[in-house]
Amino acid sequence: MRFAIFGTGAVGGYVGGLLALNNHKVSFIARGAHLAAIREKGLTLRYINQGEVKTDVLKVFATDNPEEVGEVDYIIFGVKAFDTIEAGNMLQPLMGHETAIITIQNGLDAPHQLSILYGNDSVVAGAVRVEATLGEPGVVIKYGPARDSSTFEVAELSEVRTTRMEKFVELLNAAHIKATLSDDPNMVLWTKFLALAPTAALTATARAHGGEVFGFELTKQLYAALVDEAAAVANAEGVHFAPEMVERAKHPLFPLDTAFKSSLQRDFEKDHHTEVEALLGALVKRAHKYNVPVPHFETLYALLSLSAKVGYHYSA
Ligand SMILES: NC(=O)C1=CN([C@@H]2O[C@H](COP(=O)(O)OP(=O)(O)OC[C@H]3O[C@@H](n4cnc5c(N)ncnc54)[C@H](OP(=O)(O)O)[C@@H]3O)[C@@H](O)[C@H]2O)C=CC1
Ligand SMILES: CC(C)(CO)C(=O)C(=O)O
């Protein structure tokens, strides 16, 4: 099977790296200094687990030109949500008759944006649970154990279970990522979103680790209120969570003894373009559309939008 990782970032680099380590043919699409470093020194996967650091360095094929890759069986679409449309328009050279474009974007919109370009049958909604970030050019940092701690849930946008995705799940599991196939793409996206949006919003606003947010009663209560708001919006959109699923989402996404940070928080800390719109903006817009009150999300959305405008590290 041939894989292309479009956007060799933290998640794409980690997932593609584990597939390459498992002897699959994986082409990495990257750009700029990151691409130059991968070409020169290889793609480095650095695992940081409670102070212990391990690395794998992989010699891989990397390019910024999809024409040099040609058709593949699976595209793991690894760009940030705000790059979806621009990067989506570059996928044509990778597309064969049965190519699956598998999204990993946090948020709710990326698979639907890609389906406008390539049709429902080409797109698979994915949700990855991994804590990762980019280090210096060429380096992907994965927090926690090197293998077997990440999950990847997928569902065809067409809501059909296909053999290509059964195969994908099998290959991912063999590469030490716990993958599962569902037939409900909206449930896949919303189940992650229900816990992710509150986690991202609170860690970024409070500038605190996940463990600190959950270890402090007021922010823990705020987290639960955010989960309830997100579940109410999901319900209005036709995604109905059983009450026990909503309660489960109120538990931390990560072990409480770790210094967990969300990718939104890390992007703010690095002064990078952030996914505030894809996470909080998307929720608030849906809430307004369905007339669902989301006062806590509205407040955090306003604060983080201002931080994105004036700069996270701004001081008067
Ligand atoms: N990091 C995490 O822990 C997790 C992140 N996610 C989600 O996964 C998605 C990806 O996040 P993450 O991996 O952190 O993002 P990164 O910023 O680490 O990676 C995205 C990469 O795509 C590259 N890219 C964008 N456009 C192009 C292009 N046209 N050609 C070549 N390369 C391109 C970017 O390059 P450049 O830097 O030059 O823009 C960057 O290297 C997000 O939606 C995020 O919310 C999901 C689970 C966990
Ligand atoms: C919460 C986490 C790490 C789970 O995968 C995530 O998706 C993110 O921070 O973007």
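The values are calculated or read from the model by the stated rules, or taken from the named source; none is laboratory data. Just so you know, these numbers come straight off a predicted model, no measurement behind them. Positions of Cβ are generated from backbone atoms using ideal geometry, with glycine treated the same way; all protein chains shown enter the neighbour counts. Surface areas here come from the heavy atoms of the whole protein model, side chains and all, with no ligands, DNA or RNA. Shrake-Rupley method; radii C 1.70, N 1.55, O 1.52, S 1.80 Å.
Here are some notes:
- Pairs where the first residue, in region 99-127, is at positive phi and the second is of a type outside the set (V, I, T), C-beta under 6 Å, 6+ apart: G107/A81; G107/A278; G107/L279; G107/A282
- Applying the set (1) touching a helix residue (DSSP H, G or I) at 6+ places or on another chain (Cβ under 8 Å); (2) over 18 Å from G107 (Cα atoms); (3) in contact (Cβ under 8 Å) with a residue 40 or more places away in the chain to G215 leaves exactly one unmet item: (1).
- Qualifying residue in region 40-59 (condition: more than 19 Å from the chain's Cα centre (by Cα), within 12 Å of ligand 1 (Cβ to nearest atom) and under 17 Å from A20 (Cβ atoms)): yes
- Pairing each residue of region 155-171 that is over 21 Å from Y118 (Cα atoms) with any residue that is open to solvent by less than 90 Å² (accessible area, probe 1.4 Å) and assigned to a loop (DSSP other than H, G, I, E, B), provided the two are 6+ apart or on different chains, yields C-beta distances under 9 Å for K167/D73; L171/N22; L171/H24.
- Residues in region 93-129 that are of a type outside the set (A, V, I, L, M, F, W, C) and within 11 Å of ligand 1 (Cβ to nearest atom): T103, Q105, N106, G107, D109, G126, R129.
- Residue match in region 185-194 (condition: part of a helix (DSSP H, G or I) and basic (K, R)): yes
- Residue check, R31 over 25 Å from T163 (Cα atoms) and within 13 Å of ligand 1 (Cβ to nearest atom): yes
- Boolean, D83 is under 26 Å from R266 (Cα atoms) and either touching a strand residue (DSSP E or B) at 6+ places or on another chain (Cβ under 7 Å) or crowded, with 24+ Cβ neighbours inside 10 Å (or both): no
- Only one of P252, P243 that is away from ligand 1 (no atom under 14 Å from the Cβ) and out of contact with any Phe, Trp or Tyr (no Cβ under 6 Å at 6 or more places or on another chain): P243
Matching residues to (1) more than 16 Å from ligand 2 (Cβ to nearest atom); (2) modelled with pLDDT of 95 or more; (3) more than 28 Å from T55 (Cβ to Cβ); (4) open to solvent by 20 Å² or more (accessible area, probe 1.4 Å):
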| residue | (1), (2), (3), (4) |
| --- | --- |
| N89 | yes, yes, yes, yes |
| H97 | yes, yes, yes, yes |
| I101 | yes, yes, yes, no |
| H112 | yes, yes, yes, yes |
| L117 | yes, yes, yes, yes |
| V123 | yes, yes, yes, no |
| E131 | no, yes, no, yes |
| E136 | yes, yes, no, yes |
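Yes or no, residue by residue, for (1) touching a helix residue (DSSP H, G or I) at 6+ places or on another chain (Cβ under 7 Å); (2) among the hydroxyl-bearing types (S, T, Y); (3) within 30 Å of L279 (Cβ to Cβ); (4) not assigned by TED's automatic domain parsing to the domain that holds A174:
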{"position": "L21", "(1), (2), (3), (4)": "no, no, no, no"}
{"position": "S27", "(1), (2), (3), (4)": "no, yes, yes, no"}
{"position": "H34", "(1), (2), (3), (4)": "no, no, yes, no"}
{"position": "G42", "(1), (2), (3), (4)": "no, no, no, no"}
{"position": "R46", "(1), (2), (3), (4)": "no, no, yes, no"}
{"position": "V69", "(1), (2), (3), (4)": "yes, no, no, no"}
{"position": "T84", "(1), (2), (3), (4)": "yes, yes, yes, no"}
{"position": "G96", "(1), (2), (3), (4)": "no, no, no, no"}
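- Residues that are away from ligand 2 (no atom under 13 Å from the Cβ), surrounded by fewer than 14 Cβ atoms within 10 Å (Cβ to Cβ) and over 22 Å from the mean Cα position of the chain (by Cα) number at least 2 in the following helices (runs of 4 or more DSSP H) confined to region 200-316: 217-236, 243-249, 282-290, 295-310.
- In region 62-82, the residues that are under 26 Å from M165 (Cβ atoms), within 9 Å of ligand 1 (Cβ to nearest atom) and part of a loop (DSSP other than H, G, I, E, B): G78, V79, K80
- Residue within region 162-172 that is within 16 Å of ligand 1 (Cβ to nearest atom) and open to solvent by 20 Å² or more (accessible area, probe 1.4 Å) present: no
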